[in-house]
Amino acid sequence: MMSEFLPTNALSESRKTLDRLREVMRSRIKGKEDVIDQALICLAAGGHILIEDLPGVGKTTLAYCLAKAMRTDFKRIQFTSDLLPTDVTGVSIYDERDREFHFKQGPIFSNIVLADEINRATPKTQSSLLEVMDHGKVSIDGGTYEVGSPFMVIATQNPVDYEGTFPLPESQMDRFLMRLQMGYPDPEHELAILAEESQSYDELEIEDAVEPAAIEAMQKAVSKVYLEQSILEYLLRLITATRTESEFKAGVSVRGGIALKTAAQARALCMGRDFVIPEDVMQVAVPVMGHRLNLRRPSSDALEERRMVEGILTRLLNAIPQPK
């Protein structure tokens, strides 16, 4: 049971921040309210997002709009097979004038980082993100450097074509709070997109953006969102069910359980509440747990395996009684 309560003014300010972010993003991203809401939940929880989808459905625009709506820095890293860890984190360069090494920051030093096609880089380069995604800092040549705050990695990968790719290991997948799918817009919204003047994502102009300090205050507020004992027990039943399910190779880790709790708190805050209800848990359970689970008998089709995992999770959610 949580011991501290969220002050009323903190709840009010967080709602204003989230409403402004939602308004800005919906003005630029058509017909994807559910994806926007999930991205905001992830932001409020201080987590990272993995988007598995086809090219050209708005993944970069989502990341850019989120960064611009927050008046923060945005950097895009195109992951390729020849990308080195230092191309991501940075490198120490020797300066002959003062005969010292100076650290040159890599593109990971930003607030919103789009790691495009992350599974096209080698495992060594992928692993360079582990520390920074966990702790918001980079350790190089005996020195430790803090990245931007707030900080979020939005990574993309194509689940259909795995030729020339290196699937993310389980330890890397576990660092992402959520896995999302953009999908195609419905015909009505796609028609509106086609009718608009064509713009690249970096030509978008967004006014009255939210200050980074407001984002940090919102993220601190999430930990104060109240969880009743029955909700915590409900969370544990869900987590335990994944560990006893015979079709899964292994269940959700302790880190995954904490991620589920935090995401439920963030979802409650995004809905304007200072307490978690069972619906919050159910709405975030699949995006939070789906990518942390693998089938005991894996499928050769990545999309089919994801559907099967999510189907089993949905069955478990429907079978476990909710607290009254």
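The values are calculated or read from the model by the stated rules, or taken from the named source; none is laboratory data. Source: prediction; values computed, not measured. Neighbour counts are summed over all protein chains in view; Cβ atoms, including those assigned to glycine, are modelled from backbone coordinates with ideal geometry. All accessible areas refer to the heavy atoms of the entire protein, side chains included, with ligands and DNA or RNA removed. Shrake-Rupley method; radii C 1.70, N 1.55, O 1.52, S 1.80 Å.
Structure summary
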| quantity | calculated |
| --- | --- |
| LEU130, LEU6, LEU84, reordered so the largest accessible area comes first (probe 1.4 Å) | LEU84, LEU130, LEU6 |
| Amide hydrogen neighbours beyond the local backbone of LEU114, cut-off 5 Å, H modeled | LYS75, ARG76, ILE77, ILE154 |
| Relative contact order of the chain, defined on C-alpha pairs under 8 angstrom at six or more residues apart (%) | 24 |
| GLU216 - accessible surface, heavy atoms, 1.4 Å probe, Å² rounded to 10 | 60 |
| Solvent accessible area, Å² - MET173, 1.4 Å probe, full protein context | 20 |
| Two-site FRET efficiency, ILE258 against GLU197, from Cβ-Cβ distance with R₀ of 45 Å, rounded to 0.05 | 0.50 |
| Sequence of TYR234, TYR94 from largest to smallest accessible area, 1.4 Å probe | TYR94, TYR234 |
| Max mean-square fluctuation residue, GNM over the chain, Cα-Cα springs under 10 Å, options ALA264, ALA121, ALA250 | ALA250 |
| In order through the range 287-301: 3J(HN,Hα) via Karplus (6.51 cos²θ - 1.76 cosθ + 1.60), integer Hz, x for Gly, Pro | x, 7, 9, x, 7, 8, 10, 10, 6, 5, 10, x, 8, 6, 9 |
| Heavy-atom accessible area ranking, 1.4 Å probe, most first, across LYS261, LYS249 | LYS249, LYS261 |
| FRET E, pair THR86, LYS324, Förster distance 41 Å, beta-carbon r, rounded to 0.05 | 0.15 |
| Where the Cα pairs of the range 207-324 fall when distances are cut into 5 Å bins, in % | 2, 11, 20, 20, 16, 12, 9, 6, 3, 1, 0 |
| Helix-only mean residue ellipticity at 222 nm for the chain, each DSSP H run of n ≥ 4 adding -39500 (n - 2.57), per residue, nearest 500 | -14000 deg cm²/dmol |
| Length-normalised contact order of the range 18-153 in % [C-alpha pairs under 8 Å, at least 6 apart] | 24 |
| Accessible-area value, HIS189, 1.4 Å probe, nucleic acids and ligands omitted, Å² | 50 |
| Reciprocal of mean inverse Cα separation for the chain (Kirkwood radius, Å) | 20.8 |
| Spin-label model distance (nm) - GLU96 vs GLU23, 7 Å beyond Cα toward Cβ | 5.7 |
| Gain on full stretching of the segment that runs from THR144 to GLU188 - 0.36 nm per residue minus C-alpha separation | 10.9 nm |
| Accessible surface of the chain [probe 1.4 Å, protein heavy atoms]: carbon and sulfur percent | 50 |
| Debye equation applied to the C-alpha atoms of the range 42-142, log10 I(q)/I(0) at 0.15 Å⁻¹ | -0.68 |
| Per residue, in Å², the accessible surface of the range 108-161 once ligands and nucleic acids are set aside, probe 1.4 Å | 35 |
| Label-to-label distance, nm, for residues given as GLN105 and ALA209 (7 Å Cα→Cβ offset) | 1.5 |
